[in-house]
Structure formats: C-alpha cells, structure tokens
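Scroll down for the structure; my scribbles are underneath it.
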Amino acid sequence: MYLNRTRTFSAARPLAALGLLLGSALARPAPTTAQDMARVRQTIARLTAPDLHGRGYVSGGEQRAAAYLQGRFRDLGLQPLAPDYYQFFTLPVNTFPGRAELRADGQPLRPGLDFIAAPNSGPGEVRGPVYRLDSLVFAQPAARQKLLATPLAKAVLVLTQAQAGRLTELPPVVQAHLATAGAQLTLVPGKLTASIAGEQAPRPRLEVRAAAWPAAAHTVRLRLDARLRPAYRTQNVVGYLPGTARPDSFVVVSAHYDHLGRLGRDTYFPGANDNASGVAMLLELAAHYARPENRPAYSIAFLAFGAEEAGLVGSRYFVEHPLLPLPAIRVLANLDLLGTGEEGLMVVNGRVFEDQFARLQRLNAAGGYVASLAARGQAANSDHFPFSERGVPALFFYTRGGIAAYHDVQDRSETLPLTAFRAVFGLLRDFLNGAGATPGK
C-alpha cells in the first residue's frame, strides 16, 4: 500500500493498439484449477524470495518479479494488452544498494530491525560525536543562539520523532544550521516503517528504533550507500481475457507487485502482505476465468502495476496512457493487503460508489463469506485512486486484523495467515460475475 508520496514519470516507448489485441485468439487454456491455496502459498513465497530483492530497484528486483508475472500471464493464456505484457514508464527513485551500517559507542545496530534509512537519505560515511537536540530551541531564543554557536559538521544530530516533526517551526537560520550536521538520526517510538522517495538529501538520514538506541551514546559511526536513479525504467504487467459476448466492455482486476526493495547488501523487505497477497489473488482470479467453462461475457483485464509504493506511479501512467478505453470499464477491483482477515474486509470507495457496495453486502450475506464488510470513503492510498479520479467505478479491497507487519522486514510469507483469502476470493468472484464476468451474460 502506498505511504503518502507522489512522483513524476514519463513515457518510455509507444504501445500497441488495443483493437489488434482484441482480435487475437487465446493462446492456451489455464493449466490448473482456480483458487488453489497451495498455489497461493507458492506464489507468495516466490514473490518474497531473496533473489527478488524485495521487488524494488536494486539488483533488478522489480524486473525479476515482472518477468515472473509475465510468465504466469502467458501460462494462463491471457492476451497481452501491451507488447510482451509490458507497459514501460520511468520514475526517479532513491536506492540503498551497498553498505548499511550503524554503531553507537561501538555497539552494532541491525539494519531493518533497529534502523532503516529515511527514504530520501543521502550517502555518507560518518564518525563523530552525538549531538542531542534540546527541545528548548523551540521556545527559547537563548537555546537557539547556543545551538547556532555549536559546530555540527562533524557531529551526528540525534532527535526524537516529535522534534523532527517540529523542525519547520524553527527560524530558517536554525534549520539551515541543523542541516550542516554530518548525519541525522531520528529516534522512532514503536515499529520502523519504510517508504520510497524520488529525491535525495545531501547527507545520511536514518530512522532508529528508540528502544534499540543506547540512551547514553556518545559517538556514532555509520556507513550508508545511497544512489538516486533519476529515470529508472520499470513497467506495468498487463493482460486480459476477451469477453465472449461483449468484448468491448471491461471488468478490471488490479494489484501492485512492487515493494520497498533493499536496505544494503544483507537486508530486504519481503512484502508478503503488501502486496504479494494481492498479486496472488489477482492470479487466482485470472486462473478461474481462464478456464473454458468460466470464460467471461465481458472482457476482463488483469493489471499488475509497478511503482505503487513510489506514489501510484504505474497506475497513474496507465490512466494517462490507457491501453483500454476508461469509459468501457464497468468496475475495477483493486487488491492490496489481502493476507489477513480476522476483522473482516474493508472497501475503500464503498461510500463513494454506494450501489456497488450495496451489491457486495447482498452477495456477502447470501454467501456468508466474511464476518465484517465495511466501507470507507475516498482515499489516495492504492492504485484504485487514479481510476476513480477519472470517473471509473473503482473499489479497493483490503483485509483487516491479524499481523501488524507493514512496510518492514517482518512482512514475511511464512507468518502470513491468509485467514480470509478463500472467503474474499468467493466474494470477489461473485462481485465480478455480477459486473459482467458471468459466462453467457
């Protein structure tokens, strides 16, 4: 799920016309039955494997994940919406490909568990004394003058998360002086939550779990490699099944396959719930509708978006360069964070598209799928948002409850419960059938 950042992007190459694709025949039938839980586990395990590097922008992790999905689409007999299923685009992205080391008074802290890089951190190798920010600088001019008289270029600025949130309250001259510190460490209460940025600060910035930080630390040594990629080329992976009765009308299933990538050579973010679980659901629905007896009346497009974590970049690019007419979309079901379900299912935009949510409620009551089905209003927190902004009836489904792992190294396949996965599959199938996916309608 996207964590509140937006990025720019550009076209990488022209794409094939949809009309030619709709005229082509399906390559082959789906090889296996749909909604196979063993296969679901295998899909999630593959997407979270170490050699996919957190499906990010170091060592071609997102490209390896895209190639895996390309192969799955081909095996299912989906037709490509773009040449070889790939819709290319570019984005700026800050990456952490090499060293990620932090020591306080000689004590090593663990990357991913005890500290992470701020998304816009710059690179650097720093060894220097700790400078703890005094909260009096926010209220007392004398404290600010004392700070301004203290050289910081060789020091490591340590501040609390609350202090970091208040830095913009300080006079510009004080802010500029703080920015001269050799590095900045922000102490975070609770869990560490990583994200992605498309810009880079001039010096290292780390976020440290407050409970892991030695309170009396005097010296810090850190090494961080950071590389800004100003025009990284990535892709959406896009396929479809032509409708048997009304191929010019579409039902769309979407899920983002990218994640946060690596933090140095030894640490990566697996992204099991976010969003290997949503991709697994997309593939299970594709397997279901690819079977001859389930071929849909309307065409169904399966859109695996890249760069969602960088600011919904892939879905925004698709909406601005659509491979199918947006007015032809009857409904879009966006799948993100579907690996839990102890507390039911949430539908973002359910309060916007009330008729669609009412139909979901009726289907859930009839099928007894999930114990709780709740609705939210509009939110720009996943790939449904660019579509709903263009008037497409787009709903975002995510499960609630269960594990607390999110945007961290603990979001692993082996701890993902998949509590409501079968139930959500059934509800989504019935919902999509009612929107035009039922054979013969």
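What follows draws every value from the coordinates through simple rules; no lab data is involved. Predicted model, so just to flag it, every value in this text is computed and none were measured. Here Cβ is always computed from backbone atoms with ideal geometry, including for glycine, and neighbour counts include all displayed protein chains.
Would you mind checking which residues have amide H under 5 Å from ASP336's amide H? H placed 1.01 Å from N; only 5 or more apart, or other chain.
Long-range HN contacts for ASP336: PHE397.
Could you give the C-alpha radius of gyration of segment 100-224 expressed as a fraction of 2.2 N^0.38 Å, taking N as the number of residues it contains?
Dividing the Cα Rg of segment 100-224 by 2.2 N^0.38 Å gives 1.00.
If you take the charge dipole of the chain about its Cα centre, with +1 on Lys and Arg Cβ and -1 on Asp and Glu Cβ, which of ALA375, GLY56, VAL347 is farthest toward its positive end?
Selected residue: GLY56.
Magnitude of the Cβ-charge dipole of segment 100-224, K/R +1 and D/E -1, about the Cα centre, nearest 20 debye?
180 debye
What is the distance in Å between the Cα centroid of segment 33-89 and that of segment 387-429?
17 Å
So what is the calculated 222 nm ellipticity per residue for the chain, using -39500 (n - 2.57) for each DSSP H run with n of 4 or more, over all residues, to the nearest 500 deg cm²/dmol?
That calculation yields -7000 deg cm²/dmol at 222 nm.
Out of MET281, ALA231, PRO242, whose Cα points farthest toward the positive end of the dipole of segment 226-283 (charges: +1 Lys, Arg; -1 Asp, Glu; placed on Cβ)?
Farthest towards the positive pole: ALA231.
With a 10 Å cut-off between alpha carbons and a GNM built on the chain, which of VAL348, VAL392, VAL174 moves the most?
Maximum among the listed residues: VAL174.
For the chain, rounded, prolate or oblate, judged on the Cα gyration tensor with a ≥ b ≥ c (square roots of eigenvalues), a/c < 1.5 rounded, else prolate if a/b > b/c?
Prolate, because a/c is 1.5 or more and a/b exceeds b/c.
With a 10 Å Cβ neighbour count serving as the proxy for reagent exposure, in which order, fewest first, do ASP258, ASP134 appear?
Lowest to highest Cβ neighbour count: ASP134, ASP258.
How would ASP355, ASP336 line up from fewest to most surrounding beta-carbon atoms within 10 angstrom?
Neighbour counts put them in this order, fewest first: ASP355, ASP336.
Relative contact order for segment 100-224: what is it in percent, counting Cα pairs under 8 Å that are at least 6 residues apart?
That works out to 44 percent.
Let me have the relative contact order for the chain, percent, based on Cα pairs under 8 Å that are six or more residues apart.
Relative CO of the chain lands at 22 percent.
For segment 129-184 and segment 237-298, what is the separation of their Cα centres, given in Å?
Answer, in whole Å: 47.
Using the alpha-carbon atoms, what tilt in degrees (0 to 90, nearest 10) does helix 37-47 show relative to the longest principal axis of the chain?
Result, in degrees: 40.
About the Cα centre of the chain, how large is the charge dipole given +1 on each Lys and Arg Cβ and -1 on each Asp and Glu Cβ? Please answer in debye to the nearest 20.
Here the chain has a charge dipole of around 520 debye.
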